[in-house]
1. How far is it, in nm, from the label point at LYS247 to the one at GLN175 when both lie 7 Å from their Cα along the line to the Cβ?
2. So which of LYS122/LYS247; LYS152/LYS223; LYS214/LYS247 end up more than 26 Å apart by C-alpha?
3. Classify segment 90-201 from the C-alpha gyration tensor, please: rounded if a/c falls under 1.5, else prolate or oblate depending on whether a/b exceeds b/c.
4. Show the residues, 5+ positions off or on another chain, whose built amide H is closer than 5 Å to the amide H of GLY224.
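Any read-out appearing in this document is the output of simple, stated calculations on the displayed coordinates, not a laboratory observation. Since the structure is predicted, the reported quantities are computational estimates derived from the model, not experimental observations. Neighbour counts run over all protein chains shown; Cβ positions are idealised from the backbone, glycine included.
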Amino acid sequence: MEKREERCRSPGRGGHHHRGGHHSPGRGGHRGGHGHSPDHHHGHHHGHHSPGHHGDGSGSGSHSPSPEPQSGSHGQTGHGPVVSGQPCSGPPCFPPTVDIYRSFNGQFCDHFYTVDLTEHFKAVQHLGYANEGIVGRVLADPNSIPPCPRLKPLYRLWNGDIRDHFYTTDEEERQNAISRLGYTDEGILGYCVIPAHATNPTPESDENCCGTKKALHRFYNEKGKDHFYTASEEEKEHVISALHDYKYEGVQCYLW
């Protein structure tokens, strides 16, 4: 079988991305292209400015293939996330959380994050994505822990025109992406804790909030039209210092 040339490399494996210049959905820009999401949703897309800013644009739609239930390599079968932990009412608290699996398609220059093991396997085995492991854990049920004022849904969106998966806890950013920028709503990935001061998070205000353990950092590559998220401080620092195509956009939220 002929090997397809990669258009870019993942920061998770080292390297630079090379595609047309565009802005993050959180920062503004115009986009174009087409593609498939590894998930089971369908949609038609029009317009490609940043979800973080108002605007319009043009583009064409795409379909997302439906995953079939299949066996996993870790003894897991069927469709859906693997939940661990129990509901709790106070410390020590080990709430029901699910792993976030990360994969990357170098041909399309797209990072894909899912809590669904079957969906992850489909992307890796059939859709040209490479497994990049587990990023961290999100809460599966927001009612399984004591009230946490900063607990928010982590929304998942897909734009087939530019082959970009986008994740945000910002409701306004999400709505703008859907209504103006050609993104399709793909539901909630899970629940995480937003920073106390979104523009200037500090360890003192956010450390261990509601039992969370680590920050989920967000990057965007304008040339690659690719969002990249990592909870590894080492990986974050490597991307900032060595991979200048990726611009740091701050802490998206805190994970378990």
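1. 2.5
2. On the way: LYS122/LYS247 30 Å; LYS152/LYS223 30 Å; LYS214/LYS247 20 Å.
Among LYS122/LYS247; LYS152/LYS223; LYS214/LYS247, the Cα-Cα distance tops 26 Å for LYS122/LYS247; LYS152/LYS223.
3. On the way: a/c = 2.28, a/b = 1.33, b/c = 1.71.
Oblate shape, in that a/c is at least 1.5 and b/c is the bigger or equal ratio.
4. The list, which skips near neighbours in sequence, is ARG19.
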